[in-house]
Amino acid sequence: MSTSTTSAPPPGTQDPPPTKTTGGAKRPSARRSWRRALRRDWQLYSLVILPLLFFLVFRYLPMVGNVIAFRRFEPGGSILGEQWVGLRYVRMFLSDPTFWQVFRNTLWLGLLTLVFCFPIPIVLALLLNEVRRTALKRFVQSVSYLPHFLSIVIVAGITMQMLATDGPVNHVLGWFGHDPIRFIQEPEWFRTVYVGSEIWQTAGWGTILYLAALTTIDDDLYEAARIDGANRWQQIWHVTLPGIRPTMITLLILNIGTFMAVGFEKILLLYNPLTYPTADVVSTYLYRAGVESNSFSYAAAIGLFEAVIGLVLITSANQLSRRTVGTSLW
């Protein structure tokens, strides 16, 4: 009778016993590292408190008030409305011819602002980047930046004084035998006046980001382009513009997101009943309907519609940018 014995494998050749891995093992260490970083850099994290409170109080909490777009709000009553009315106010503004007129005006002004105000800072930054005299470059930068620091009230006042019937612009036109033009009172001139004042106020400030982006381009790329025989225009086209393309795409997406929110304050200061056919936009129409006429639910419905369009625009622009050029905000 024989018995079979199985010899044990030599030490060091056995497979290690299976270990049970759980996802919760990493959580305490990550939590401890976060607490350690917070304890170490609490001064830096404390700087975020005020901005977070600002966005919480003035950006997110007011979103709760959008419910009055579907409820009938009466001054002195509940802050969230008295009675549920569903899509009544949405149907009201969709069937209102005045709304579609101001909606078209908003699209026109937003499109003109995007077409003219977006590329001009890029061109100005490229021109300043080619200036070799430091004194001249600083002078142009200071002159172009200055309007950004002026209040919109001052900018609107300067614009109205310059374009008044007896203002400097009409005086110059009179030297050439031209009759005075009522720039502020004639509807066909409002879009030109608004876009022109917007370019004057924002073009210089917009160049700061592009000038900062230009400093990140490696000088070796320009040297390689010169060795290959590229002139200045070819260097700008093949080296400079691709170098600042991520910044351009990011700012373009942000501008598209605010496409519907054209400058409310400036339009409110520049327009008048004579220029309503071309100057009245959604934001000013909301102001008159909500604040002056006390139709808060009606104005909230229009504002919610405008916000949804803005969300769709910025999301679509972000997705299109990610698929075409590989740059996006998120």
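The values are calculated or read from the model by the stated rules, or taken from the named source; none is laboratory data. Please read all numbers here as calculations on a predicted model, not as lab measurements. Glycine gets a Cβ as well: all are built from the backbone with ideal geometry, and neighbour counts include every protein chain shown. All accessible areas refer to the heavy atoms of the entire protein, side chains included, with ligands and DNA or RNA removed. Shrake-Rupley method; radii C 1.70, N 1.55, O 1.52, S 1.80 Å.
By how many degrees, between 0 and 90 and to the nearest 10, does the Cα long axis of helix 296-324 differ from the longest principal axis of the chain?
60 degrees
Averaged per residue, what accessible surface does the chain expose to a 1.4 Å probe, in Å²?
Computed with neighbouring chains in place, this is 66 Å² per residue.
Please give the contour-minus-distance gain from V57 to I227: 0.36 nm per residue of separation, less the Cα-Cα distance, rounded to one decimal in nm.
Result for the pair: 55.5 nm of gain on full extension.
Please state the charge dipole magnitude for the chain, taken about the Cα centre, from unit charges on C-beta atoms (+1 on K and R, -1 on D and E), reported in debye and rounded to the nearest 20.
It works out to roughly 1520 debye.
Work out from phi, with θ = phi - 60° and the Karplus expression 6.51 cos²θ - 1.76 cosθ + 1.60, the ³J(HN,Hα) of each residue of the range 273-286, listed in order in whole Hz, and give x for Gly and Pro.
So the J values, rounded to whole Hz, are x, 5, 9, 3, x, 10, 9, 6, 10, 4, 5, 6, 5, 4.
Taking only Cα atoms, what is the 0 to 90° angle, nearest 10, from helix 152-162's long axis to the longest principal axis of the chain?
Tilt relative to the chain: about 30 degrees.
Ignoring ligands, DNA and RNA, what percent of the accessible area of the range 50-136 is carbon or sulfur (1.4 Å)?
Carbon and sulfur: 71 percent of the exposed surface of the range 50-136.
Whose amide H sits under 5 Å from the amide H of R71, counting only residues 5 or more places off or on another chain, with H placed in the peptide plane?
Hits under the 5 Å cutoff: V85.
Per the Cauchy relation, a quarter of the hull surface: what is the mean projected area of the convex hull of the alpha carbons in the range 87-325, in nm²?
17.1 nm²
Please name whichever of T192, V155, L80 sits farthest to the positive end of the charge dipole of the chain, dipole taken about the Cα centre and charges placed at Cβ: Lys and Arg +1, Asp and Glu -1.
Of the candidates, L80 comes out farthest on the positive side.
Could you state the angle between the C-alpha long axis of helix 190-214 and the longest principal axis of the C-alpha atoms of the chain, as a value from 0 to 90 degrees rounded to the nearest 10?
30 degrees
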